[in-house]
Structures are given as C-alpha cells and as structure tokens.
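Taking it in order: structure first as structure tokens, then the write-up.
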C-alpha cells in the first residue's frame with residue numbers, strides 16, 4: 001500500500017520544490033529523475049504525489065505530476081484559472097503589445113484574463129484611456145491605486161471570491177507587489193522603487209510563489225494566489241505560445257465579426273473594410289486600433305515560423 005502524499009507545488013527554485021499537502025503541512029521535495037528524461041519540469045500549481053523518504057532525514061521526491069488543466073511558459077505555472085494582467089498608465093510606460101500578448105496567451109489556455117490598471121492616481125485620464133481600450137475586449141477591467149486606496153475594495157471583493165489558482169503578472173515597476181500587499185496585508189511582499197534611469201522597477205519577486213488564500217484572509221477557501229516575477233519579453237518566434245491559426249480566436253472582440261468577412265481565409269490584416277468585417281469594426285471604433293496593432297505584430301512573428309520549426 002502506497003504511503004505517498006498528495007499536494008500542490010507552492011514554489012520551486014534550483015530544483016527544490018515546496019509542496020503543500022492536503023493536511024496543510026509543507027514538504028521540501030526534489031523531482032524524480034524520470035521527469036528530466038521525459039523533459040517534464042514540475043511547475044508551481046502542479047498537483048503532485050510525493051514519496052516520503054524510507055529513512056528519516058532523507059529527501060522527499062515528487063513521484064507523479066497529475067494531468068494539467070493548462071501550463072504556461074511565462075509566468076511558469078500550471079492549472080491557472082484566472083490571470084490578472086497588471087500595468088500602470090505611466091512610470092513605467094505600458095506596452096500594449098506586451099499586455100495583449102499576455103491576454104491572448106490566457107485566452108488560448110482557457111484562463112480568465114482580468115485587466116488591472118494600477119497607479120490610477122498618477123494619471124487618471126491616461127488610466128481611463130487604457131480602461132476604454134480593454135473594456136472593448138470584453139475582459140473585466142479594474143482601475144485602482146494602492147497609494148490612495150481607490151478601487152482596492154472592489155478588486156479585493158472580486159479576488160477573494162475566486163476559486164482555484166489565480167496569478168498576478170506584469171512588467172517590473174507597475175506596483176504588482178504593492179497591490180498584492182493592499183489586497184492581502186498578511187503577505188508583506190518586498191517592493192522596489194523605480195530606477196530613475198530606466199523607469200523600471202527592481203525585480204523584487206524572483207520566482208513564482210503560490211499562497212493559500214485562507215492563510216491570508218478570514219474566509220474559508222481552497223483558492224490560491226500567486227505573485228510572479230516582473231518580465232517584459234514574450235518572444236513568439238522563440239516559444240510556441242499558440243499558432244497563426246489560433247491567433248484571431250485569442251482576440252475575443254474579433255469573434256463576433258469574423259463570420260461576416262467576405263473570404264473564409266481572411267487574415268484580418270491588410271484587407272479593406274469592404275472585405276474584412278474586423279477592419280470595418282476598427283474603423284467604426286468598435287474594436288480598439290491599439291489592439292489591432294498588437295494583432296498585426298503577433299501575426300508578423302507567427303507568419304515567420306515554418307511548420308518544421310514548431311516545437
């Protein structure tokens with residue numbers, strides 16, 4: 001009879017993983033060598049079975065990774081239900097391309113994307129401009145400020161009601177860790193000031209860490225929240241996030257129009273408004289032109305990839 005322990009990976013660094021068992025105890029574990037041979041890397045969020053040592057004091061080993069609901073390259077996580085894409089209206093200047101890459105990856109992986117505009121107090125007009133862009137996507141949008149507390153209660157109510165695993169992602173310096181501290185005061189995450197030279201934040205979060213929500217707020221829940229390292233590169237040529245054929249479906253606001261395009265193989269790129277219903281919707285202001293610009297950029301990357309280059 002197996003005496004293995006079932007649990008979830010909370011963090012992993014340098015080949016050492018922290019696994020929280022159903023009993024609540026956390027075990028430091030190594031991954032079984034067979035995973036390396038199978039080119040399978042355990043990820044934060046993985047549901048696993050760990051084998052206790054035969055001799056007291058020896059290491060626990062992750063023996064089995066249960067089938068994943070999804071797995072992301074960036075942030076490197078598994079079984080994510082909700083992804084909060086965070087950015088500030090300025091300081092640092094947001095890249096809508098980066099944001100749209102993250103959002104599209106979430107949509108492709110059947111993860112609920114939520115847009116969170118932080119530091120609203122810095123430039124309310126710019127914050128509202130970006131909010132308008134992303135409201136047209138159909139994604140939920142929150143505007144907030146950890147500085148004056150605006151919007152924090154509404155966001156907290158939504159976050160605290162979630163089930164499963166949620167994560168906060170975004171570039172360095174957008175106030176992600178500060179926001180998480182406002183939502184979960186017990187977290188006390190390190191925060192870093194912006195570098196004046198490059199207007200980027202210090203990487204105060206160095207690896208993905210999963211926190212059981214019931215240890216952070218006074219409600220009974222099985223949900224988890226993750227803080228992720230700040231990053232700004234999502235290379236669609238280097239990594240296989242999704243294919244060219246998948247791309248239009250990763251921009252949900254395109255979906256209602258695509259069946260009205262004149263040609264079934266419409267790329268929604270260079271076609272005229274007469275032939276492409278998506279382009280026509282952009283001209284009418286029903287789809288944000290900034291979103292279409294991101295679509296064109298991702299399209300240009302994906303079209304470069306040859307079938308034999310796909311991993």
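Structure notes:
- The lone criterion from (1) in contact (Cβ under 8 Å) with a residue 60 or more places away in the chain; (2) within 24 Å of residue 140 (Cα to Cα); (3) in a helix (DSSP H, G or I) left unmet by residue 302 is number (2).
- Hits in segment 48-59 - residues which are in contact with a strand residue (DSSP E or B) (Cβ under 7 Å, 6 or more places away or on another chain) and either more than 18 Å from residue 28 (Cβ to Cβ) or part of a loop (DSSP other than H, G, I, E, B) (or both): 52, 53, 59
- Among all residues of segment 14-25, there is none that is more than 26 Å from the chain's Cα centre (by Cα), part of a strand (DSSP E or B) and over 16 Å from residue 207 (Cα atoms).
- Residue 268 in contact with a helix residue (DSSP H, G or I) (Cβ under 8 Å, 6 or more places away or on another chain) and at positive phi: yes
- Residue check, residue 26 more than 16 Å from residue 164 (Cβ to Cβ), outside the structural domain of residue 155 (by TED's automatic domain parsing) and free of Cβ contacts under 8 Å to residues at least 60 places away in the same chain: yes
- Scanning segment 160-170 for residues that are more than 12 Å from residue 75 (Cβ to Cβ) and either in contact with a strand residue (DSSP E or B) (Cβ under 7 Å, 6 or more places away or on another chain) or in a loop (DSSP other than H, G, I, E, B) (or both) gives 161, 162, 163, 164.
- Test: residue in segment 252-264 that is within 30 Å of residue 160 (Cβ to Cβ) and under 18 Å from the mean Cα position of the chain (by Cα): yes
- Residue, surrounded by the most Cβ atoms within 10 Å (Cβ to Cβ), within segment 47-77, restricted to residues that are under 18 Å from residue 229 (Cα atoms) and free of Cβ contacts under 8 Å to residues at least 40 places away in the same chain: 72
- Put simply, of 28, 42 the only residue that is under 28 Å from the mean Cα position of the chain (by Cα), buried (at least 16 other Cβ atoms within 10 Å of the Cβ) and within 23 Å of residue 227 (Cα to Cα) is 42.
- Condition broken by residue 249, with the remaining ones in (1) in contact (Cβ under 8 Å) with a residue 40 or more places away in the chain; (2) in a loop (DSSP other than H, G, I, E, B) satisfied: (2)
- Out of 193, 163, sole residue that is out of contact with any helix residue (DSSP H, G or I) (no Cβ under 7 Å at 6 or more places or on another chain), modelled with pLDDT under 85, more than 21 Å from residue 100 (Cα to Cα) and exposed (fewer than 14 other Cβ atoms within 10 Å of the Cβ): 193
- Which numbered condition residue 282 fails, given (1) touching a helix residue (DSSP H, G or I) at 6+ places or on another chain (Cβ under 7 Å); (2) on the phi > 0 side of the Ramachandran plot: (2)
- All conditions but one from (1) on the phi > 0 side of the Ramachandran plot; (2) in contact with a helix residue (DSSP H, G or I) (Cβ under 9 Å, 6 or more places away or on another chain) apply to residue 39; the one that does not is (2).
Residue-by-condition table, conditions (1) touching a strand residue (DSSP E or B) at 6+ places or on another chain (Cβ under 9 Å); (2) assigned by TED's automatic domain parsing to the domain that holds residue 80; (3) modelled with pLDDT of 95 or more; (4) surrounded by 13 or more Cβ atoms within 10 Å (Cβ to Cβ):
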residue	(1), (2), (3), (4)
219	no, yes, no, no
222	yes, yes, no, no
237	no, no, no, no
240	no, no, no, yes
256	no, no, yes, yes
272	no, no, yes, no
281	no, no, yes, yes
288	no, no, yes, yes
296	no, no, yes, yes
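The values are calculated or read from the model by the stated rules, or taken from the named source; none is laboratory data. These numbers come from a predicted model, not from an experiment. Here the Cβ is made from the backbone with ideal geometry for all residues, glycine too, and neighbour counts use every protein chain on show.
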